[in-house]
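The values are calculated or read from the model by the stated rules, or taken from the named source; none is laboratory data. Remember, predicted model here, so these are calculated numbers, not experimental data. Virtual Cβ from ideal backbone geometry, glycine too; neighbours counted across all protein chains shown.
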Amino acid sequence: MKRIAILGSTGSIGTQTLDIVRQHPDRLRVTGLVANRSATELISQAKEFGTKNVALMDEKSAREHLLPGGIQAIIDIATHPEVDLVVIAVAGVIGLEPTLAAINAKKDIALASKEVLVAAGQIVMPLVAENGITLTPIDSEHSALFQCLQGYSNDQIHKLILTASGGPFRGKSGDDLAKVTKAQVLAHPTWTMGGKITVDSATLMNKGLEVIEAHWLFGTSIEEVNVVVHPQSIIHSMVQFKDSSVLAQMGWPDMRLPIQYALLYPERTPNHLKPWNPIETPTLTFEAPDPETFQCLQLAYQAAREGGTMPCALNAANEETANAFLKESIGFLEIADINLKVMQSHTPVEPTLDNIIATDAWARITARELIAK
Ligand SMILES: NC(=O)c1ccc[n+]([C@@H]2O[C@H](COP(=O)([O-])OP(=O)(O)OC[C@H]3O[C@@H](n4cnc5c(N)ncnc54)[C@H](OP(=O)(O)O)[C@@H]3O)[C@@H](O)[C@H]2O)c1
């Protein structure tokens with residue numbers, strides 16, 4: 001029996017993780033649950049799964065519901081002796097501190113929160129190796145790469161090919177994007193996800209963050225991580241090996257598959273998910289991304305090339321701009337503009353934990369000032 005704690009259990013990934021637990025009651029037990037403010041849903045989850053250890057990040061909501069609250073309560077859940085694996089599925093880099101604590105406590109990690117690796121890959125990946133734990137990716141693209149790489153060492157990789165659906169604005173020009181609304185952004189063609197990642201999918205920042213995530217997970221250079229637009233979202237990503245052979249992982253776009261793989265790795269066990277049938281999607285198409293229109297993808301490559309704390313600054317700026325767009329405080333094109341301005345104002349330094357925390361705070365303040373203008 002694997003005992004799991006889920007940070008972000010009330011979100012899109014969190015609730016789908018619980019769905020996988022429901023399908024494997026003999027293999028998985030939920031021993032910790034964490035949300036930000038959704039107390040009622042958290043308590044109902046705890047009742048259903050018989051979970052004693054629950055906490056809310058938001059201290060006011062925690063007090064109102066007589067629950068443990070704040071970052072230390074979350075770290076306590078992530079490092080509890082009755083936890084074998086921690087699912088990190090909170091929206092954003094707020095998951096970094098509990099992730100580091102869980103790794104140091106020798107818990108395995110199933111990682112959805114890509115922002116953690118974007119901001120602090122230099123710290124997280126060596127710590128994973130030092131503690132001898134397993135970190136399995138939940139992001140569907142990285143799960144696909146991870147699956148294709150089973151049995152191969154990373155030095156056999158020629159390049160990683162991340163697939164992108166292209167989001168709701170594939171094929172549009174910059175002019176078309178100037179007036180897009182929140183409702184249009186939230187209407188993603190293939191995936192149903194939380195608000196922030198849905199905005200990131202529309203700007204292609206999500207793909208940019210994933211490029212940096214892949215670079216850290218698989219130890220490749222940033223130039224070895226390529227992006228191809230594949231609107232059907234059937235191929236979840238591909239590895240091209242040094243002998244020119246390409247392996248792909250395929251399936252319907254359903255996050256429960258990579259979640260199950262991450263939770264039960266390395267086993268493949270039956271479930272209730274619909275198996276993919278090639279006859280039902282006979283046409284799979286591919287096209288190059290449009291870097292002129294979707295500048296956020298280029299910003300991510302640029303941040304990774306500059307290195308140090310630059311990806312952390314970009315990530316923090318983007319968390320602020322994506323959330324400001326959701327509150328309708330800025331327009332769609334301002335997301336990339338403000339992200340770029342924050343990067344231009346930042347001089348990257350060595351990515352120690354202190355510098356990452358300081359850069360994250362500075363970039364958020366800088367982005368908020370630009371949002372308020
Ligand atoms: N959704 C997907 O299909 C998908 C795919 C790949 C990767 N991911 C990644 O997975 C992560 C979660 O995405 P999501 O779509 O599941 O997000 P979501 O639906 O917005 O859910 C976020 C979860 O995190 C909690 N949370 C938010 N702010 C928090 C804070 N400050 N401290 C502690 N918990 C907090 C929320 O609690 P409340 O309910 O109380 O607000 C909720 O449980 C993101 O990093 C995203 O990039 C998601």
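T269 fulfils the conditions (1) in the same structural domain as G167 (by TED's automatic domain parsing); (2) farther than 27 Å from D155 by Cα; (3) in contact (Cβ under 8 Å) with a residue 12 or more places away in the chain except for a single criterion, (1). Taking the stretch 224-244 as the range and being more than 13 Å from L145 (Cβ to Cβ), among the small types (G, A, S) and touching a His at 6+ places or on another chain (Cβ under 9 Å) as the test, only S244 passes.
In the stretch 178-192, the count of residues that are in a helix (DSSP H, G or I) and among the charged types (D, E, K, R) is one or more. Among the residues of the stretch 14-39, those identified as within 10 Å of the ligand (Cβ to nearest atom) and farther than 13 Å from V86 by Cα are T15, Q16, A35, N36, R37, S38, A39. The residues of the stretch 100-119 that are within 13 Å of the chain's Cα centre (by Cα) and either under 13 Å from N315 (Cα atoms) or not hydrophobic (A, V, I, L, M, F, W, C) (or both), listed by number, are S113, K114, E115, V116, L117, V118, A119.
With respect to (1) within 16 Å of the ligand (Cβ to nearest atom); (2) among the basic types (K, R); (3) free of Cβ contacts under 8 Å to residues at least 24 places away in the same chain, the lone exception for K52 is condition (1). Looking across the stretch 216-261, just one residue is charged (D, E, K, R), surrounded by fewer than 16 Cβ atoms within 10 Å (Cβ to Cβ) and in contact with a helix residue (DSSP H, G or I) (Cβ under 6 Å, 6 or more places away or on another chain), and that is K242. Among the conditions (1) closer than 24 Å to G331 by Cβ; (2) at pLDDT 95 or above, the only one that K182 does not satisfy is (2). Restricting attention to the stretch 52-99, the residues that are over 22 Å from E319 (Cβ atoms) and charged (D, E, K, R) add up to 6. Restricted to strands (runs of 3 or more DSSP E) entirely inside the stretch 204-320, those with at least 2 residues that are of a type outside the set (A, V, I, L, M) and closer than 21 Å to I13 by Cβ are 235-241.
Tell me, yes or no, whether the stretch 60-74 has at least one residue that is of a type in the set (S, T, N, Q) and either assigned to a loop (DSSP other than H, G, I, E, B) or over 29 Å from A303 (Cα atoms) (or both). The answer is yes; a qualifying residue exists. For the stretch 1-30, a tally of residues being surrounded by 22 or more Cβ atoms within 10 Å (Cβ to Cβ) and either outside the structural domain of I75 (by TED's automatic domain parsing) or part of a strand (DSSP E or B) (or both) returns 6. Given the condition under 17 Å from I212 (Cα atoms) and of a type outside the set (A, V, I, L, M, F, W, C), answer yes or no: does some residue in the stretch 170-186 qualify? Looking for residues that are under 17 Å from I212 (Cα atoms) and of a type outside the set (A, V, I, L, M, F, W, C), one finds none in the stretch 170-186, hence no. Within the stretch 196-219, the presence of at least one residue that is touching a His at 6+ places or on another chain (Cβ under 7 Å), within 15 Å of the ligand (Cβ to nearest atom), without any contact (Cβ under 8 Å) to a residue 40 or more places away in the chain and not charged (D, E, K, R) is confirmed. If you go through the stretch 330-358 and keep only what is more than 21 Å from G174 (Cβ to Cβ) and either touching a residue at least 60 places away in the same chain (Cβ under 8 Å) or assigned to a loop (DSSP other than H, G, I, E, B) (or both), you end up with H346, T347, P348, V349, E350, P351, T352, L353, I356. Under the condition of being within 15 Å of P126 (Cβ to Cβ) and either surrounded by 20 or more Cβ atoms within 10 Å (Cβ to Cβ) or more than 16 Å from the ligand (Cβ to nearest atom) (or both), the residues counted in the stretch 92-105 number 4.
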